[in-house]
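The values are calculated or read from the model by the stated rules, or taken from the named source; none is laboratory data. Just so it is clear, the model here is predicted, and its values are computed rather than measured. Cβ atoms come from the backbone with ideal geometry, glycine included; neighbour counts cover every protein chain shown. SASA here: full protein model, heavy atoms, side chains in, ligands and nucleic acids out. Shrake-Rupley method; radii C 1.70, N 1.55, O 1.52, S 1.80 Å.
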Amino acid sequence: MLDSGFTSVYAHFSLTLLHWCEPTELLPLLCPAVSTNTRLYVCPGHTKAFSNFLDLFNSALNYRTDDRLPGRDQMAGLGMALAPDELPNCSSLTTKELQQNLRAVKQRECPIRLLFEIPSSRIIEEGLSKYVVYDVVVMRSGSFDSRRVSVERRYSDFYRFHHKLLVEFREELEDVVLPRKHLTGNFSPEIISERRVALQDYLAKLYSVRCVRHSPLLPKFLTEQEQRRAHSLLRAGQFELALQQLQVVLEIEEKLLPWQSPTLIVPTLCALAVCYRDLEEPEQASAAAQRALPPARRYGLKQYRASLLDLLVDLGYQLGRPVAQLQEELTVLRDAERGESSSRSLKELVVQEFI
């Protein structure tokens, strides 16, 4: 537990930052006293005072109860003349409140991690085939994540995934062992429960390996089956059922984005836009296409970019929105690609995926 001295100085530090600094993107000086999304720079004329104050705060980290806390006189002597009502004052906060505030700040700054749970399993019988599927729940820590999304996978899916990883990362995965196969008793409750827990531990160990977190094999394992199912439904014209699968895929991909390419979600958003368009929901179609367009621009996905622009122009006319800039961008892109980029609509692109 932090002592009252440290929390008092911490409050002084927080309030002084607010007085001497202002938000900007010029300098990535991050401070634990403020949100991690805020970047600060020292206001003109306060550089020396701010530097002195940082030294004072750093010395306070080694504060002991028999030391004297920096007081108002020391705060005023940092190189900047402040009026009495301008000096940082934390007297209105109790030690308990300061400690609660500090804990809240630390919680906001927790690094985001991916968490896996396998809370349940079930046996499926299809004709002469019988197998067990495990419910894999994907969550993110570090911030409140209310979207618990899950997919079902068989042991054979884990087995293929593991061996694909070994092809690329055999040395890195020396300590990560896939739960062994059982020749008999695969459907006994004891074996199923034991394997369920072992597979959950296996995913946790896999996540701890950096190269696996950044490998495209991870999102493929977690979403490819749902992607194939969604595109099959889409080609059959069952757009509402396809939407359900695509929304699961998108939620998983969004959780994986901190470790994957920003282009990961582009194909899924394009498929969603096509489904919404055919379901005559132009607002949702436009929203999905608008999310997909920036990464398509930035990372050179020209086939998606042209098709997205074309769709957004059509939807813009339908919704009564300005489309002049989109039309200009599409014209420039088509001229640069000599017409190749306009050969297929977004729907034509989407239906040819996962065949």
Query raised in the report: Looking at ARG305, is it surrounded by fewer than 21 Cβ atoms within 10 Å (Cβ to Cβ) and part of a helix (DSSP H, G or I)?
Result: no
Query raised in the report: Do we find that VAL313 is surrounded by 16 or more Cβ atoms within 10 Å (Cβ to Cβ), in the same structural domain as GLN247 (by the TED database) and under 22 Å from ARG228 (Cα atoms) in this structure?
Result: no
Query raised in the report: Any chance the range 282-290 includes a residue that's buried (at least 17 other Cβ atoms within 10 Å of the Cβ), in the same structural domain as LEU234 (by the TED database) and in contact with a strand residue (DSSP E or B) (Cβ under 9 Å, 6 or more places away or on another chain)?
Result: no
Query raised in the report: If you take the residues in the range 203-243 that are in contact with a strand residue (DSSP E or B) (Cβ under 9 Å, 6 or more places away or on another chain) and aromatic (Phe, Trp, Tyr), which one is nearest to GLU353 (Cα to Cα)?
Result: PHE221
**Report entry** Filter pass, LEU333 being in contact with a Ser or Thr (Cβ under 8 Å, 6 or more places away or on another chain) and either modelled with pLDDT of 95 or more or under 24 Å from GLN227 (Cβ atoms) (or both)
**Finding:** no
Report summary line: With criteria (1) in contact with a helix residue (DSSP H, G or I) (Cβ under 7 Å, 6 or more places away or on another chain); (2) free of Cβ contacts under 8 Å to residues at least 24 places away in the same chain; (3) surrounded by 14 or more Cβ atoms within 10 Å (Cβ to Cβ), ILE191 comes up short on (1)
Query raised in the report: Would the range 167-182 turn up any residue that is open to solvent by 20 Å² or more (accessible area, probe 1.4 Å), without any contact (Cβ under 8 Å) to a residue 24 or more places away in the chain and part of a helix (DSSP H, G or I)?
Result: yes
Query raised in the report: Taking ALA285 and the conditions (1) closer than 17 Å to GLU240 by Cα; (2) of a type in the set (A, V, I, L, M, F, W, C); (3) out of contact with any Lys or Arg (no Cβ under 9 Å at 6 or more places or on another chain), which numbered condition does it fall short on, given that it satisfies the others?
Result: (3)
**Report entry** Residue list for the range 316-355, filter: open to solvent by less than 40 Å² (accessible area, probe 1.4 Å), free of Cβ contacts under 8 Å to residues at least 24 places away in the same chain, in a loop (DSSP other than H, G, I, E, B) and in contact with a helix residue (DSSP H, G or I) (Cβ under 9 Å, 6 or more places away or on another chain)
**Finding:** VAL323
Report task. Answer yes if at least one residue in the range 254-271 is out of contact with any Lys or Arg (no Cβ under 6 Å at 6 or more places or on another chain), more than 22 Å from PHE158 (Cα to Cα) and not in a helix (DSSP H, G or I), and no otherwise. Result -> yes
Report summary line: Being under 18 Å from SER286 (Cα atoms), outside the structural domain of MET139 (by the TED database) and open to solvent by 40 Å² or more (accessible area, probe 1.4 Å) narrows GLU240, GLU251 down to just GLU240
Query - Extreme residue, surrounded by the most Cβ atoms within 10 Å (Cβ to Cβ), among residues of the range 291-302 that are in a loop (DSSP other than H, G, I, E, B) and in contact (Cβ under 8 Å) with a residue 24 or more places away in the chain - result: LEU301
